[in-house]
Amino acid sequence: MAHKLKTYICSRILEVVNWKTSQNTFMPSLLSHHITLGKGQKGTNIEFCLPVTSLQKVLSRDKEINMCEVRRIVTDDIICEVHEETIKKDVSIVFEINRNVFIKEVLQDIVSDPIKWRKTLARSLLPHSEEKKVIVEYSSPNIAKPFHMGHLRSTIIGNFTANILEFLSHKVVRINYLGDWGTQFGLLQVGLDMCDYSETMIKQNPLQLLYQAYVEANKRAEIDPSVSARAREAFCSLERGNTDNMKKWQLFRSYTEQELQHVYQRLGIRFDEYRWESQYSGKQISSILHLLETRGLLKNESDGKKVVEINEQWRVPVIKSDGSTLYLTRDIAAALDRYDQHNFTEMLYVVDISQTDHFAALFGVLSSMQLPWASSLKHIKFGRIRGMSTRKGSVVFLSDILDEIRDIMATKQQESHTTKVLLGENNERTADILGTSAVIINDLKQRRKRDYEFDWNRALQVQGDTGVKLQYTHCRLCSLEKNSGATLPLECDSSVLQEREAVLLVKNIARFNEVIMKTYEDLEACILVNYLLQFCNLINSAFEVLQIKNEDVHIGSQRLLLFHSSRIVLNQGMKILGLQPLQQM
């Protein structure tokens, strides 16, 4: 959006400073990233701003820049004026662009070929970088415990992270690394024996019954030490590969995966791979322990533990005194396995901020092993949600919360005078999507690293800055295209899109690439969320002024083109955030 105009401005700058293209073929693209759309509107032209410090930083590495030459760029049919302006104490060169040229440039590419527009936009944002192969690990619940809200936040943020990487043409592998190993799963095995659940019972309700068995074993262990001993023995038996126990475990695991996939489908979440901690048990990591030992990194403690010494200061346990593995050990094995399989450029772990020390230990051990790719691992931290249980009590199973959200949203939908109530199965599915949209946007509009208090009323309100607003506006745009009676034109005639509301919409559409780039650089979804919410306000204001029905045919069709372009941008932004855009509600 407006990429060609930015590139044109850069070419004029390079021309007046006698820049030779052969010096750096990426220079115009590098420079264009520092040009931003001005927020104000003075007169009839559109302003683009380039900070002087950014210009000097980009160009002066290879050439001394004479700023007077840049200020004296000769105007033409595109650049109407060039002047300096102080913006937030920083001096910028302001290029005033012909408004009609700007409007046509922004809208024409979207309408002509939306798919090509998307690909061109992605290339323009990262033109000089190679395509990366990025593994994103997110969600990662434990099968012995309910899918709690920390996992929900990891799922939402991880999905957004994978989406924006894919939008920018990186190859993304989405991994769900499920916890099915460790001493706590010895407790689960003991609990299953205590509760005497049949395989049929577990198959019908796996998450609930596995959790109940785990809770029962924990209760018994508090008053009977022999229960903990049995649990440790059960887990050691699993690690040794006991055939009967492993078969049961794999069966329960498959039931759990099926149930989780149902929940993910409701959320609109997908994974490329499901991986399990149990894939990296004692036998599988023996070679890793040998590697650590040969490199002089593995140390024996007096109590039987094995540790890795990092920087001669930090002793990180990798094997417990009873010989069983730790979560860290299995994470080391998983990282090595993933690099062997995927040869990734980066691997991102979307896990809450409380696990900072764990990932510092993981990255430290891998770096100590002198693995060249260890520096490409990153912990994408996020804060915690406080106070999110169902309204009726303390149940925290995600399926229960999603059911409650769906039912509340269905009631609101029926009571609303501004939404069309659908009947039967579609109505339930629509309510489900609206409810999950509300929860997703309520989460993503928060700063990623901040804790926040969940408020049901605020998350589920139909009015205000919510996921419902995004869905409602998208549906309204779909309805307009379907029922306006106008025909979408092939060419943009910017001369008839001169109303203030039309120009503001076009400017906001043009900002999409800047917003996407900032969102990507910071991995902060709230930047994109706030942009889309403001965009919806502008669209809904434009609805009141830019009528299509009972209007001149040409004017009506051009307004339809504007609203059509707005819908494409809104739709794309919603999908990046992980929403499933509705066409009616």
Under 16 Å between alpha carbons, and skipping anything fewer than 8 positions from residue 378 in its own chain: which aspartates and glutamates qualify? 137, 331, 346, 352, 357, 521, 522, 524
Over the stretch 398-577, one equal point on each Cα, no solvent: what is log10 I(q)/I(0) by the Debye formula at q = 0.09, 0.10, 0.19 Å⁻¹? -0.36, -0.44, -1.26
Just from its helices, what would the mean residue ellipticity at 222 nm be for the chain, if runs of 4 or more DSSP H residues each count -39500 (n - 2.57) and the sum is divided by every residue, rounded to the nearest 500 deg cm²/dmol? -18000 deg cm²/dmol
Let me check against my output: what whole-number percent is the relative contact order of the chain, with C-alpha pairs under 8 Å and at least 6 apart? 14 percent
Estimated vicinal HN-Hα couplings, Hz - the stretch 207-215 in sequence order (Karplus 6.51, -1.76, 1.60; Gly, Pro = x): 4, 5, 6, 4, 5, 4, 5, 5, 4
Distance in nm between residue 345 and residue 313 label points, each 7 Å along Cα→Cβ, equals 3.3 nm
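Ranked by accessible surface with a 1.4 Å probe, highest first, in what order do 67, 347 come?
On the way: 67 20, 347 0 Å².
I get 67, 347, largest accessible area first.
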Tally up the carbon and sulfur contribution to the accessible surface of the chain as a whole percent, 1.4 Å probe, everything protein left in place. 46 percent
Which value in nm describes the separation of the simple spin-label points at residue 236 and residue 171, placed 7 Å from the Cα toward the beta carbon? 4.5 nm
Straight-line reach only, C-alpha to C-alpha below 18 angstrom: list the aspartates and glutamates that residue 518 could link to, leaving out same-chain residues fewer than 8 apart. 166
What lysines could a cross-link reach from residue 104, if we take a straight Cα to Cα line under 16 Å and drop same-chain neighbours fewer than 8 places away? 4, 6, 507
Net charge within 15 Å of residue 493 by Cβ-Cβ distance, Lys/Arg positive one each and Asp/Glu negative one each, not counting residue 493 itself? -2
Considering only protein heavy atoms, what is the solvent-accessible area of residue 81 at a probe of 1.4 Å, reported in Å² to the nearest 10? 80 Å²
What relative contact order, as a whole-number percentage, does the stretch 108-252 give when Cα pairs under 8 Å and 6 or more residues apart are counted? 24 percent
C-alpha long axis of helix 398-415 to longest principal axis of the chain, angle in °: 40 degrees
If amide H atoms are built 1.01 Å from N in the plane of the peptide, which residues on other chains or at least 5 residues away come under 5 Å of the amide H of residue 298? 293
Could you go through the stretch 132-139 in sequence order and give the Karplus-derived ³J(HN,Hα) for each residue, using 6.51 cos²θ - 1.76 cosθ + 1.60 with θ = phi - 60°, rounded to whole Hz, and x for Gly and Pro? 9, 10, 10, 8, 10, 9, 8, 6
Quick numbers on the chain, Rg and Dmax over C-alpha atoms in Å, give 28.3, 88
Compute for the stretch 163-270: radius of gyration divided by Kirkwood radius, i.e. Rg/Rh, restricted to C-alpha atoms, rounded to two decimals. 1.09
Have a look at the DSSP beta bridges in the chain and tell me what percent are antiparallel, nearest 5. 55 percent
Please determine, in degrees from 0 to 90 and to the nearest 10, the orientation of helix 225-239 with respect to the longest principal axis defined by the Cα atoms of the chain, where the helix direction is its Cα long axis. 70 degrees
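Highest first, please rank the peptides 290-302, 251-263, 565-577, 191-203 by the mean number of other Cβ atoms sitting within 10 Å of their residues. Don't skip to the answer; put the middle values down first.
Values: 290-302: 13.3, 251-263: 17.2, 565-577: 21.6, 191-203: 15.0.
The most tightly packed comes first, giving 565-577, 251-263, 191-203, 290-302.
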Lys and Arg at +1, Asp and Glu at -1: neighbours of residue 37 with Cβ under 10 Å from its Cβ sum to +2
Taking H placed 1.01 Å from N in the peptide plane, check which residues at least 5 places from residue 319 or on another chain put their amide H under 5 Å from its amide H. 306
Select from 223, 408, 68 the residue farthest towards the positive end of the dipole of the chain; place +1 on Cβ of Lys and Arg, -1 on Cβ of Asp and Glu, and compute about the Cα centre. 68
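What is the sum of charges, Lys and Arg at +1 and Asp and Glu at -1, for the other residues whose Cβ falls under 14 Å from the Cβ of residue 334? Before the final figure, lay out the partial values.
Details: positive: 275, 330, 338; negative: 137, 180, 273, 277, 331, 337, 340.
Value of the local net charge: -4.
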Measuring from the longest principal axis of the C-alpha atoms of the chain, the long axis of helix 500-510 (C-alpha) lies at a number of degrees, nearest 10, equal to 50 degrees
Amide H of residue 380: which non-local residues (sequence gap of 5 or more, or other chain) have their own amide H closer than 5 Å, using H built in the peptide plane? 349, 350, 351
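The values are calculated or read from the model by the stated rules, or taken from the named source; none is laboratory data. Since this is a predicted model, take the numbers as computed values, not measurements. All Cβ positions, glycine included, derive from the backbone under ideal geometry; neighbour counts span all protein chains shown. With ligands, DNA and RNA removed, areas are computed over all heavy atoms of the protein, side chains included. Shrake-Rupley method; radii C 1.70, N 1.55, O 1.52, S 1.80 Å.
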